[in-house]
Amino acid sequence: MTEVEDNTSPAEALASINKARAAAADGFSRHTWRYDLTYSALASGIVASQALHSPLNIVFVSVCTIGLSVLAQKWSEKHGVKVTGLTPRGGRWIAIGLGIIFLGLAFAAFTAVERLHMRWIPLALGAVAFGVALIGSRMWRTSYRREMGLDV
Amino acid sequence: MQAPVFDAVIHAPGRLQICAILASVVEAEFATVRDAVAVSDSVMSKHLKMLEDAGYITLRKAAANGRQRTWLSLASKGRKAFDAHVAELNRLAASSLG
């Protein structure tokens, strides 16, 4: 490969940027049920664990939170690309929205147990969190792939 | 939005692509970037040395699964230079159309 292709036009240089980005992002951003289901199970676990008595609920929330971190790290190591939910412009609002929804569901689950003593509510909200996480994860990935110029 | 500034260090096709990839991620691993840019290890290392000497990228070594891997990230100086260079490319592309 030549060091500098001086005859490269600005349009060609810009096209090469998009091509390289797409090539690097392709493996990392492919839709995979294995990742999405694991992510959704861990996210719903944070909400549903409010049904447990203390300190088990704290232990379970900690395990799920660490699990989410390990999942993201392993995924990055496997594909050689590290991004956060907030990295892509398009998917940023999906990630922020998911965070707000999870916090709201976790708070509602906690309140239902503490004030109403209804331990089935966190389980129901956990199921909701699972669905939201699954849809959100796939929406984020679709948005990221679109931003990188890849087929969704 | 950066003011358009042509950057000779970034402009070489390989380095432009490396910066483009790093601008869209937090970090990327050496082999992933090398494969995306489609260059050899030695050419890739040469590009990285120039970008690192310019203060545009940072390299981090990390062991994973018993093997040493190099992770690359764009420094804030590199991000500014890359954004300014892309703005200049866009300006030139627009002016050539007009």
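The numbers here are math on the coordinates, done by the rules we state, and not lab data. Only a predicted model underlies this, so the values are computations on that prediction, with no experimental measurement involved. A quick note on method: Cβ atoms are made from the backbone with ideal geometry, for glycine too, and the neighbour counts reach across all protein chains shown.
Under a Cβ-Cβ cut-off of 11 Å, what is the net charge of the residues other than residue B:36 that fall near it, where Lys and Arg count +1 and Asp and Glu count -1?
Neighbourhood net charge equals 0.
In the calculated pair distance distribution of the protein assembly as shown, what percentage of Cα-Cα distances lie above 35 Å?
Tail of the P(r) past 35 Å holds 28 percent of the pairs.
To the nearest 20 debye, what charge dipole does the stretch B:40-85 have about its Cα centre, counting +1 at the Cβ of each Lys and Arg and -1 at the Cβ of each Asp and Glu?
Using only the charged Cβ atoms, the result is roughly 160 debye.
When only DSSP loop residues count, what trypsin sites (Lys or Arg not before Pro) in the stretch A:15-59 have their Cβ near at most 16 other Cβ atoms within 10 Å?
The qualifying sites are A:30.
Return a single number: how many Lys pairs in the protein assembly as shown, at a sequence separation of 8 or more or on separate chains, have alpha-carbon atoms below 19 angstrom apart.
9
Along the three principal axes, how long is the stretch B:1-88 when you take its alpha carbons, biggest first, rounded to the nearest angstrom?
Per principal axis, max minus min of the Cα coordinates gives 45, 22, 21 Å.
Where the centroid of each part is defined by its Cα atoms, how far is the stretch B:43-98 from the stretch A:87-112 in Å?
Here the answer is 33 Å between Cα centres.
Could you check the simple spin-label distance between residue B:58 and residue A:120, using points 7 Å along Cα→Cβ, in nm with one decimal?
Label-label distance for residue B:58 and residue A:120, simple model: 5.3 nm.
As I understand it, the value is the acute angle between the Cα axis of helix A:89-116 and the longest principal axis of the Cα atoms of chain A; what does it come to in degrees, rounded to 10?
That works out to roughly 10 degrees.
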